[in-house]
Amino acid sequence: MQPSDEELYRLMRKGNQDAFAQLYERREPALYRFALHMSGSAAVAEEVSHEVFVQLMGPSTRFDETRGSLESFLYGIARNLIRMVRRLGPVAEPVDRPFHHDILGGLINDETTAALHRTLRELPERYRDVIILCDLEERSYEDVARLIGRPIGTVRSRLHRARALLSAKLKRLNAPSEVATR
């Protein structure tokens, strides 16, 4: 049986490098994809996913098992880092370039998928979080509720609203081309 994230964290805090490596290998790929979808930049995603673990190792880390899972804590750090990057201004590298690190790579070359990702980045963060985690990362409502620290009902309603907003934005993108062809 594999040790839990929390057990690996406790071992890591005691200086066990293997525990850190296991935790990193287990959680970094999903954090990278989350940061990539949220920021639209592979460079930002890489920096964020690494910085999450740097902060986790830091002496001022305030992870408390009684308040939630380590995975939720890691996503919270990533979300805050992405907010900081977004406050600094637009990210130079667009997500329209092909991914090299995940399964979705082949799909991004398609124009429709690229438009979807551009539109997704325009959504308010609370909607973008749930649509990325539920639809792109294929997480369950329960997982997402735990990761973002909200009730399942909130996740469902935000996802419904996010899909509606995304659909409306994509329809507006397609509308001018339909009118031009008539």
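Here, each number is a calculation from the coordinates, and none is a lab measurement. Keep in mind that what you see is a predicted model, and the values were worked out from it rather than measured. Because the Cβ atoms are built from the backbone with ideal geometry, glycine has one as well, and the counts that use them run over all protein chains shown.
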Whole percent per 10 Å bin, from 0 to the bin with the longest distance: what is P(r) over all C-alpha pairs of segment 123-182? 24, 43, 18, 12, 4
Once both labels are modelled 7 Å past Cα along the beta-carbon direction, what's the residue 17-residue 50 spacing in nm? 1.8 nm
Below 8 Å, C-alpha to C-alpha, sequence gap of six or more: please give me the relative contact order for segment 123-182 in percent. 36 percent
The value for segment 1-88 (convex hull of the alpha-carbon atoms, volume per residue, Å³) is 99 Å³
Take 141, 32 and order them by how many other Cβ atoms sit within 10 Å, fewest up front. 141, 32
Quote the charge dipole size of segment 123-182 about the Cα centre in Debye, to the nearest 20; the model charges only the Cβ of Lys and Arg (+1) and of Asp and Glu (-1). 340 debye
